[in-house]
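Please read the structure below before turning to the comments.
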Amino acid sequence: MGIWISDAVKVCDGILTIRVFRRQGQTYSGAILSRGKFESRYGYWEIRCRLPQEEGHWPAFWIQNDGMEENPGTDEPGAEIDIMEYHARWGDSLLHAVHWGGYGENMRSAEKKVSVPGLSEGFHTFGLRWTPRSYRFYVDGKQTWTLRKGVSHHPQYVIISEEIGRWAGEIGKAELPDRFEVDYIRVYHR
């Protein structure tokens with residue numbers, strides 16, 4: 001028996017499930033964030049999860065701080081660090097991205113699309129080694145990208161989201177409910 005945190009979020013047998021579902025003609029999704037409960041700077045951040053299979057889903061594991069709107073146009077606000085963003089229509093590809101300099105016209109971004117055979121099947125790990133000088137991204141323990149720009153020096157909180165939107169494809173074509181399952185999230189420090 002599981003515990004429903006909301007209609008979109010459930011914990012059962014140690015697995016966190018964020019689902020997308022329809023009710024009375026509306027489509028709903030969920031997210032979990034650690035703002036105010038857990039925030040940290042640098043280290044190795046990792047999630048082990050199983051990705052949804054239907055078009056229109058946009059699961060992501062990312063870290064953020066509340067300062068992105070302050071001091072726009074500088075590196076001071078911190079960054080939005082998208083450790084993993086996935087769309088089922090991409091098949092075995094995912095996106096790593098970093099946005100910094102505040103949101104809006106001053107925002108700067110870098111991203112890398114990565115192909116990983118078998119990504120759409122079973123559980124996988126997605127990680128970020130964040131140091132004062134760089135970000136190194138990993139999938140299943142293998143390094144997939146290094147970025148030395150836009151490095152945040154501020155504590156960040158975790159966001160796990162299962163969003164819907166046109167960028168991810170037509171959710172109306174999806175057979176629902178579908179789910180994003182999380183086995184664990186870990187943050188390691190030296």
Open item on the list: Of the candidates Gln143, Gln53, Gln26, which one comes out as most mobile in a Gaussian network treatment of the chain with C-alpha springs shorter than 10 Å?
Closed with: Gln26
Task: Net dipole in debye of segment 121-160 [+1 Lys, Arg Cβ; -1 Asp, Glu Cβ; about Cα centre; nearest 20] - done: 320 debye
TODO: Could you give the size of the charge dipole of the chain about its Cα centre, using +1 on the Cβ of each K and R and -1 on the Cβ of each D and E, expressed in debye and rounded to the nearest 20?
DONE: 500 debye
Task: Vicinal HN-Hα couplings computed from phi for segment 136-142 (Karplus, 6.51 cos²θ - 1.76 cosθ + 1.60; Hz; Gly/Pro x) - done: 10, 9, 9, 10, 6, x, 9
Open item on the list: Along the Cα→Cβ direction, 7 angstrom out, place labels at His154 and His189. What is the inter-label distance in nm?
Closed with: 1.9 nm
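Of all the accessible heavy-atom surface of the chain, with the other protein chains kept in place and a 1.4 Å probe, what percent is carbon and sulfur?
Details: 4440 of 9710 Å².
Carbon with sulfur: 46 percent of the solvent-accessible area.
Taking 10 °C and 1.306 mPa s as the conditions, I'd like the Stokes-Einstein D for the chain in µm²/s, using the Kirkwood hydrodynamic radius from alpha carbon pairs.
Details: Rh = 17.0 Å.
The Stokes-Einstein estimate is 93 µm²/s.
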Open item on the list: Probe of 1.4 angstrom, ligands and nucleic acids ignored: what's the accessible area per residue over the chain, in square angstrom?
Closed with: 51 Å²
Task: Which of Gly14, Thr146, Gly122, positive extreme of dipole for the chain (C-beta unit charges) - done: Thr146
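The values are calculated or read from the model by the stated rules, or taken from the named source; none is laboratory data. Only a predicted model underlies this, so the values are computations on that prediction, with no experimental measurement involved. Heads up, the Cβs are rebuilt from the backbone with ideal geometry, glycines too, and the neighbour counts pull from every protein chain shown. The protein model used for the area step is the full one, side chains on, heavy atoms only, and it has no ligands, DNA or RNA in it. Shrake-Rupley method; radii C 1.70, N 1.55, O 1.52, S 1.80 Å.
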